[in-house]
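Each remark here refers to the structure printed beneath this line.
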Amino acid sequence: AVVSTQSTGYINTIFPTEQSLTNIDDVVQKMNGKIRQLDNDIRHLIKEQTVAAEEGREALENSKQSIATLFNKIKEIRDKAEQSETTVKEITSDIKQLDHAKKNLTNSITTLNHLHMVVGGVDTLATLTKHRKYDEAAPLLQGVMYVMDHFTQYHQIPQIKELADKLDNLLRNLAAQVRGDFEEAHSLYDCKLNCQPQLADACMVVDALQPRVREDLINWFVDRLLSEYKSLFREYDEVSWLDKCDRRYAWLKR
């Protein structure tokens, strides 16, 4: 009813009077033109919507392809990153192995150098000891003993043990020889003057040897100096009594 009323109102607007009906053909023609225009507009809109839909589908497909391409690139980058990480780990492992090899090689070279020093030093010491060249033997002895300490953990090796035993035997002989030189120097008057430089050098050898060698030599020297004192002032002799202290003092003072 509402549509009918609106249509009637619209017709009355176009043909307000009976005389205006004479223009009905023009009005119909104009209305047909508007209808054709509307049809054209509708077809144009439908075509645009179709094109837009097709473009939308094409854009969606392009987006899907772009996402797939991006995903593949990301996967490729990730694979390369994992491959690079694996390569870095392998390189790091190789570097560590090379570093260990370098350390082992350095230690081996150092050990061989020390061994060469000890072997040559022991032979040289034996020669210097034989000719009593204590001034040259003393510094060499310190170096050989210091280096030999590095081989303590290798004494289970027969060659190292043999070298250590050879050095120990040489040190014992050297200590005994120095002790003999001191005893001979104090028993011969002529040697007391002529042997002083040699004995001074021998003291450097004693300092380089084990502390007990120095202690034994000092004890012997003190006993040697006090031998007469012990003989004169034996514990139970009358001269050793407390009231005879002046005699002890006189002996020490002379």
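The values are calculated or read from the model by the stated rules, or taken from the named source; none is laboratory data. What you see is a predicted model; the values in this text were computed from it and never measured. Cβ: placed from backbone, ideal geometry, glycine included. Neighbour counts: every protein chain shown. Remember, those area values only see protein heavy atoms, side chains included, never the ligands or the DNA or RNA. Shrake-Rupley method; radii C 1.70, N 1.55, O 1.52, S 1.80 Å.
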Looking at Asp99, is it of a type in the set (Asp, Glu), over 30 Å from Glu184 (Cβ atoms) and open to solvent by less than 70 Å² (accessible area, probe 1.4 Å)? yes
Those residues of the stretch 136-159 which are of a type in the set (Val, Ile, Thr) and either in a helix (DSSP H, G or I) or in contact with a strand residue (DSSP E or B) (Cβ under 9 Å, 6 or more places away or on another chain) (or both) amount to Val144, Val147, Thr152
Residues that are modelled with pLDDT of 80 or more, acidic (Asp, Glu) and within 30 Å of Val147 (Cβ to Cβ): find the helices (runs of 4 or more DSSP H) completely inside the stretch 172-238 holding 2 or more of those. 196-208, 211-225
Within the bounds of the stretch 80-95, is there any residue that is of a type in the set (Lys, Arg) and over 30 Å from Gln177 (Cβ atoms)? yes
With respect to Leu112, is the statement that it is surrounded by 14 or more Cβ atoms within 10 Å (Cβ to Cβ) and without any contact (Cβ under 8 Å) to a residue 40 or more places away in the chain true? no
Given the conditions (1) of a type outside the set (S, T, N, Q); (2) open to solvent by less than 70 Å² (accessible area, probe 1.4 Å); (3) over 26 Å from Cys203 (Cβ atoms), report the number of the one that Asp165 does not fulfil. (2)
The residue from Val122, Val88, Val118, Val51 that alone is over 30 Å from Asn169 (Cβ atoms) and either open to solvent by less than 70 Å² (accessible area, probe 1.4 Å) or assigned to a loop (DSSP other than H, G, I, E, B) (or both) is Val51
